[in-house]
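Worksheet: one structure, shown below.
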Amino acid sequence: MAEGAALRAVRGCLAAFPGEARELGWPESIPYLDRPPSPLEFYREWVSPNKPCIIRNAINHWPALKKWSSAYLREVVGPKVVSVAVTPNGYADAVFQDRFVMPEERQMPFMDFLDIVEKKVASPNVFYVQKQCSNLTEEFPELVCDVQPDIPWMSEALGKKPDAVNFWLGESAAVTSLHKDHYENLYCVISGEKYFLLHPPSDRPFIPYELYQPATYHVSEDGSFEIVDEKTAEKVPWIPLDPLNPDLELYPEYAQAKPLQCTVKAGEMLYLPSLWFHHVQQSHGCIAVNYWYDMEYDIKYSYYQLLDCLTKTVKML
């Protein structure tokens with residue numbers, strides 16, 4: 001009897017925590033800055049309290065904003081073979097049919113990829129340049145001179161250089177499923193728009209995780225996709241819920257979450273703090289560059305790990 005009361009009390013605390021954290025720390029909408037902040041200001045006002053913001057006039061001096069047209073990319077990158085994620089439905093690294101399914105990583109000439117994005121060549125599949133691990137510097141070094149190797153005020157604020165600089169270009173059907181990662185993320189949109197749905201780390205009690213068999217899309221000889229299990233890999237914890245169309249009968253707790261949504265336009269930069277959950281879409285042919293700075297594994301990380309552990313434990317009981 002006492003154990004049952006204690007468990008109910010813990011559940012009550014977890015259910016109340018996101019609302020209390022929201023009142024104390026999170027904005028009702030993503031604030032805008034009209035200029036890049038100083039390193040001290042950025043660390044004090046945004047990194048330390050773990051708050052997102054959209055920064056205008058921070059990348060106006062980048063040549064990429066004027067130069068990165070389709071014609072320019074064809075000329076500079078052209079026939080070079082690059083990594084492209086290919087899926088039948090636009091969802092890479094996402095839950096599908098009780099599997100965590102990763103895309104087919106196809107090696108193809110960049111100009112052929114552009115033909116598909118520009119609808120010059122028809123394809124029933126969805127193509128997205130999204131390979132991470134610093135693909136801008138590793139696969140597209142021809143474009144590095146049009147941006148910056150790092151964001152100086154961010155590097156000074158954190159006392160480090162970015163772990164990775166990534167290049168993104170794809171179709172509007174390509175969707176990044178809801179997830180979080182351990183980076184301080186600066187997302188810079190060069191052309192088009194990016195659409196973000198965000199949850200603060202404190203919403204963890206409302207966000208479901210399940211374990212899935214990892215698998216990969218493979219194209220058969222007839223052009224259809226098959227899902228092939230990665231049999232030697234461990235199961236992957238992932239969020240099964242689609243925040244744009246949540247199944248509240250299956251995941252009723254999510255009804256209590258209050259996501260923030262924002263649009264990041266060309267020339268704007270989103271600061272996405274570490275441990276924030278995010279779901280991403282984009283306009284067709286949107287081009288973006290993002291900078292991943294490894295987070296500090298400090299007391300905030302320990303608090304999140306405790307929240308995550310308590311949430312998992314209570315849901316098992």
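The values are calculated or read from the model by the stated rules, or taken from the named source; none is laboratory data. As the structure is a prediction and not an experimental result, all values here were calculated from the model. All Cβ positions, even for glycine, are placed from backbone atoms using ideal geometry, and neighbour counts span all protein chains on display.
Values as computed for the structure displayed
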quantity	calculated
Residue count for region 225-265, restricted to those that are aliphatic (A, V, I, L, M), outside any strand (DSSP E or B) and closer than 20 Å to residue 104 by Cα	1
Residues of region 128-175 satisfying the condition of being crowded, with 19+ Cβ neighbours inside 10 Å and hydroxyl-bearing (Ser, Thr, Tyr)	128
Residue satisfying all of: in region 42-88; within 18 Å of the chain's Cα centre (by Cα) and not hydrophobic (A, V, I, L, M, F, W, C); surrounded by the fewest Cβ atoms within 10 Å (Cβ to Cβ) among these	51
Single residue of region 196-225 satisfying the filter (touching a strand residue (DSSP E or B) at 6+ places or on another chain (Cβ under 7 Å) and farther than 21 Å from residue 240 by Cβ) that is modelled with the lowest pLDDT	220
Only listed residue being aliphatic (A, V, I, L, M) and either modelled with pLDDT under 95 or touching a Ser or Thr at 6+ places or on another chain (Cβ under 6 Å) (or both), chosen from 86, 126, 147	126
Strands (runs of 3 or more DSSP E) wholly inside region 266-317 that include at least 1 residues being acidic (Asp, Glu) and surrounded by fewer than 21 Cβ atoms within 10 Å (Cβ to Cβ)	287-294
Residue count, region 241-266 (criterion: over 22 Å from residue 27 (Cα atoms) and touching a Leu at 6+ places or on another chain (Cβ under 6 Å))	1
Region 219-266: number of residues that are aliphatic (A, V, I, L, M) and in contact with a Phe, Trp or Tyr (Cβ under 7 Å, 6 or more places away or on another chain)	8
Residue check for residue 178: touching a residue at least 40 places away in the same chain (Cβ under 8 Å), touching a helix residue (DSSP H, G or I) at 6+ places or on another chain (Cβ under 7 Å) and either surrounded by 17 or more Cβ atoms within 10 Å (Cβ to Cβ) or among the β-branched types (Val, Ile, Thr) (or both)	no
Odd one out for residue 151, checked against (1) among the β-branched types (Val, Ile, Thr); (2) in contact (Cβ under 8 Å) with a residue 12 or more places away in the chain; (3) within 21 Å of residue 85 (Cβ to Cβ)	(3)
Count of residues meeting criterion [over 19 Å from residue 140 (Cα atoms) and hydrophobic (A, V, I, L, M, F, W, C)] in region 87-115	7
Of all residues in region 1-56 being in contact with a helix residue (DSSP H, G or I) (Cβ under 8 Å, 6 or more places away or on another chain) and polar (S, T, N, Q), the one that is modelled with the highest pLDDT	38
Contacts under 6 angstrom Cβ, first residue in region 29-44 being in contact (Cβ under 8 Å) with a residue 60 or more places away in the chain and within 19 Å of residue 158 (Cβ to Cβ), partner surrounded by 11 or more Cβ atoms within 10 Å (Cβ to Cβ) and not hydrophobic (A, V, I, L, M, F, W, C), 6 or more apart	39/156
Residue list for region 118-142, filter: touching a residue at least 60 places away in the same chain (Cβ under 8 Å) and not in a loop (DSSP other than H, G, I, E, B)	136, 142
Output for region 109-136, where each listed residue is touching a strand residue (DSSP E or B) at 6+ places or on another chain (Cβ under 6 Å) and polar (S, T, N, Q)	125, 130, 132, 134, 135
